[in-house]
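A.B. asks: My questions all concern the structure below.
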Amino acid sequence: MLLPSLAGLGHYLKDTSFIDIVSDALLQMAAESRSCHLLLLPVGSSFYKLSPAGSSTRSVIAHLSAWYSSFDDINNMKARFDKSEGAEHPDFIMDLLHAMAAKFLGPRAGHSPLEGWGTSCKYHSHGDKKPCYREKVKGYVYHLI
C-alpha cells in the first residue's frame with residue numbers, strides 16, 4: 001500500500017491540500033470496503049512513523065482502525081507484537097485504544113467516522129486560515145463525494 005508513503009510525503013512537504021486528499025482517499029476506501037481494517041491495521045504503524053504527532057492522518061487511521069476492527073483483529077496485532085515481527089508504533093497502539101474507548105463509551109459512541117465525511121473537514125489539516133482543497137478545485141474536477 002502506497003498511502004503511508006504518500007501521507008509521509010505530504011507531511012514532509014507540509015502540503016495540507018495533499019495531506020487532506022490522502023485522508024479523503026482513506027475515508028473513500030473505508031466507505032467502499034467494509035474490510036478496510038484488514039488493510040489499515042497492518043500498515044497503521046507505517047502511517048504513524050511518517051506522520052507527526054497530532055496530525056489529521058493519525059486521527060483518521062486510528063478512528064477507522066478502531067471502528068472497523070474486531071477483538072480478533074486487535075488480538076492478532078498483539079500476537080505480531082509478541083513475536084517481534086515488527087513492533088507496532090506505540091502512539092498507534094495508544095491512539096487506537098483511545099479511539100476504541102470513544103467508540104463504545106464516548107459522547108458520540110456508536111457513530112462511524114464516515115458519518116458526514118464527504119461534506120466535512122473533520123479529518124483535514126488545512127485549518128481555518130486556508131481554504132479546503134475541495135473549494136479550490138470546485139468546477140475543475142469531478143468529485144466522487
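A.B. asks: Return the residue satisfying two criteria in turn: it lies in the stretch 35-74 and is open to solvent by 10 Å² or more (accessible area, probe 1.4 Å) and of a type in the set (Phe, Trp, Tyr), and of such residues it is farthest from residue 6 (Cα to Cα).
C.D. replies: Across the stretch 35-74, the extreme among qualifying residues is 71.
A.B. asks: Of all residues being among the hydroxyl-bearing types (Ser, Thr, Tyr) and part of a helix (DSSP H, G or I) in the stretch 40-74, which is modelled with the lowest pLDDT? Just the residue, please.
C.D. replies: Looking at residues that are among the hydroxyl-bearing types (Ser, Thr, Tyr) and part of a helix (DSSP H, G or I), I get 68.
A.B. asks: Check 3, 41, 13 and return the single one that is out of contact with any Gly (no Cβ under 9 Å at 6 or more places or on another chain) and within 17 Å of residue 95 (Cα to Cα).
C.D. replies: One residue alone meets the criteria, 41.
A.B. asks: Considering only the stretch 1-34, state which residues are loosely packed, with under 15 Cβ neighbours inside 10 Å and within 16 Å of residue 112 (Cα to Cα).
C.D. replies: Those that are loosely packed, with under 15 Cβ neighbours inside 10 Å and within 16 Å of residue 112 (Cα to Cα): 32, 33, 34.
A.B. asks: Follow-up. Looking at the stretch 75-86, is at least one residue open to solvent by 100 Å² or more (accessible area, probe 1.4 Å) and at pLDDT 80 or above?
C.D. replies: The answer is no; no qualifying residue exists.
The values are calculated or read from the model by the stated rules, or taken from the named source; none is laboratory data. Quick caveat, the model's predicted, so the values are computed rather than measured. All Cβ positions, glycine included, derive from the backbone under ideal geometry; neighbour counts span all protein chains shown. When the accessible area is computed, the model is the full protein with side chains, heavy atoms only, and any ligands, DNA or RNA have been set aside. Shrake-Rupley method; radii C 1.70, N 1.55, O 1.52, S 1.80 Å.
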